[in-house]
Amino acid sequence: MITDLLDLDLLRTFVLAVDLGSFAKAADQVSRSQSAVSLQMQRLEEIVGRQLIVKQGRSWQLTASGDLLLGYARQLLEINDQAIQALSGKQISGPVRLGMLTDFSEAGLPEVLARFAELHPQVQIEVTIDKQVVLQQKLQSGKLDVVVGFGTQAPEGAISIGNVPLRWIGGHNRSIAQQSPLPLLLFEPPCLFRAAGLAALEQAGRPWRPVLTASSVAGMWAAARAGLGVTVRTEIGLPPDCKPLPASSRLPALPEITVYLLIHRKKPSAAVIRLTEILQDTLAALLKTPGRQTKKMR
């Protein structure tokens with residue numbers, strides 16, 4: 001039966017386990033054994049009166065109740081940390097350097113910056129918007145502290161935010177998808193969107209022809225609006241005059257991709273940790289409704 005109080009220690013372990021995707025890694029972070037962490041999760045389920053985690057083979061995933069609790073847990077822990085910080089008189093300060101793809105520049109980034117600035121006005125945030133390959137290089141060289149990326153799966157050491165489906169995107173001329181060969185708007189390689197689209201067409205035996213190779217998302221959207229062809233992207237940051245093509249277009253199915261965070265240092269600064277937490281919260285909400293702008297949750 002659900003009780004009136006939630007244990008912050010249990011919630012912190014719960015959030016760590018979800019973010020790291022592993023009870024073992026969460027156990028290392030809180031200096032407990034893996035069995036002790038499992039017992040903590042059982043105790044949390046007893047408190048809320050709902051199953052939060054379900055096993056799937058050797059892995060596990062959140063139930064609907066677990067996903068609901070996760071959002072509240074992040075907010076409760078954030079409020080707790082704010083209270084401790086205010087009472088201790090300590091303020092997080094210093095610079096933090098964030099790298100993001102253009103997709104998130106209007107969908108997600110404004111909320112992240114507003115929330116972080118409100119909570120930590122002493123921190124200077126430097127934002128770099130660029131291609132993923134450039135962001136990865138800057139992260140490895142230490143020019144960025146944390147990067148938001150796309151991938152077929154989260155790389156080792158990354159924090160997985162969730163999955164989002166790829167879509168065939170076009171302008172107002174839906175009949176363009178019926179042309180043969182299919183006119184394609186492509187990104188310069190290497191590009192996982194390009195690779196996924198061409199692989200799907202090849203498997204379906206659908207002929208295609210390149211009509212544009214773009215180096216920027218803005219150029220791609222302009223070509224789609226002009227009706228030059230169709231492209232592959234997610235619905236994140238999709239402009240209002242570009243739309244996912246319906247199933248009636250009979251284009252081959254596309255896979256999902258993973259949104260993840262990569263942090264430069266194994267022991268990041270307090271500013272980077274706080275920014276990462278806000279990124280996780282904001283982007284997780286965005287993935288639930290990728291075609292819309294995120295809204296402030298608190």
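The values are calculated or read from the model by the stated rules, or taken from the named source; none is laboratory data. All of these numbers come straight from a predicted model, not from anything done at the bench. Note that each Cβ is placed from the backbone with ideal geometry, even for glycine, and that neighbours are counted across all protein chains shown. Ligands, DNA and RNA are stripped out before the accessible areas are found, and what is left, the full protein with its side chains, is counted by its heavy atoms. Shrake-Rupley method; radii C 1.70, N 1.55, O 1.52, S 1.80 Å.
Look at segment 179-191: where a residue is without any contact (Cβ under 8 Å) to a residue 60 or more places away in the chain and a partner is assigned to a loop (DSSP other than H, G, I, E, B) and surrounded by 14 or more Cβ atoms within 10 Å (Cβ to Cβ), sitting 6+ places away or on another chain with Cβ atoms under 8 Å, you get 180/206; 183/228; 183/229; 184/229; 185/228; 185/229.
Of the residues screened, residue 291 is not one that is modelled with pLDDT under 90 and on the phi > 0 side of the Ramachandran plot. Residues that are crowded, with 16+ Cβ neighbours inside 10 Å and either assigned to a helix (DSSP H, G or I) or polar (S, T, N, Q) (or both) are absent from segment 120-130.
To keep it simple, each residue is scored yes or no on (1) open to solvent by less than 60 Å² (accessible area, probe 1.4 Å); (2) closer than 20 Å to residue 238 by Cβ; (3) of a type outside the set (Gly, Ala, Ser).
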{"position": "168", "(1), (2), (3)": "yes, yes, yes"}
{"position": "171", "(1), (2), (3)": "yes, yes, no"}
{"position": "176", "(1), (2), (3)": "yes, yes, yes"}
{"position": "186", "(1), (2), (3)": "yes, yes, yes"}
{"position": "193", "(1), (2), (3)": "yes, yes, yes"}
{"position": "196", "(1), (2), (3)": "yes, yes, no"}
{"position": "208", "(1), (2), (3)": "no, no, yes"}
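Taken over segment 215-246, residues that are part of a loop (DSSP other than H, G, I, E, B) and free of Cβ contacts under 8 Å to residues at least 12 places away in the same chain amount to 1. For residue 106, the conditions (1) within 20 Å of residue 286 (Cβ to Cβ); (2) surrounded by 14 or more Cβ atoms within 10 Å (Cβ to Cβ) all hold with the exception of (2).
Taking the numbered list (1) under 25 Å from residue 285 (Cα atoms); (2) open to solvent by less than 70 Å² (accessible area, probe 1.4 Å); (3) not in a strand (DSSP E or B) in turn, residue 160 passes all entries but (3). Applying the criterion of being assigned to a loop (DSSP other than H, G, I, E, B) and in contact with a strand residue (DSSP E or B) (Cβ under 8 Å, 6 or more places away or on another chain) to the residues of segment 131-147, the residue that is farthest from residue 113 (Cα to Cα) is 143. Restricted to segment 148-157, and to residues there that are of a type in the set (Gly, Ala, Ser) and part of a loop (DSSP other than H, G, I, E, B), the residue that is farthest from residue 259 (Cα to Cα) is 157. Is it true that residue 268 is at pLDDT below 90, open to solvent by less than 60 Å² (accessible area, probe 1.4 Å), out of contact with any strand residue (DSSP E or B) (no Cβ under 6 Å at 6 or more places or on another chain) and part of a loop (DSSP other than H, G, I, E, B)? For residue 268, the condition - at pLDDT below 90, open to solvent by less than 60 Å² (accessible area, probe 1.4 Å), out of contact with any strand residue (DSSP E or B) (no Cβ under 6 Å at 6 or more places or on another chain) and part of a loop (DSSP other than H, G, I, E, B) - is met. Within segment 253-265, can one find any residue that is at pLDDT below 90 and either surrounded by fewer than 18 Cβ atoms within 10 Å (Cβ to Cβ) or aliphatic (A, V, I, L, M) (or both)? Yes, there is a match, as at least one residue in segment 253-265 is at pLDDT below 90 and either surrounded by fewer than 18 Cβ atoms within 10 Å (Cβ to Cβ) or aliphatic (A, V, I, L, M) (or both).
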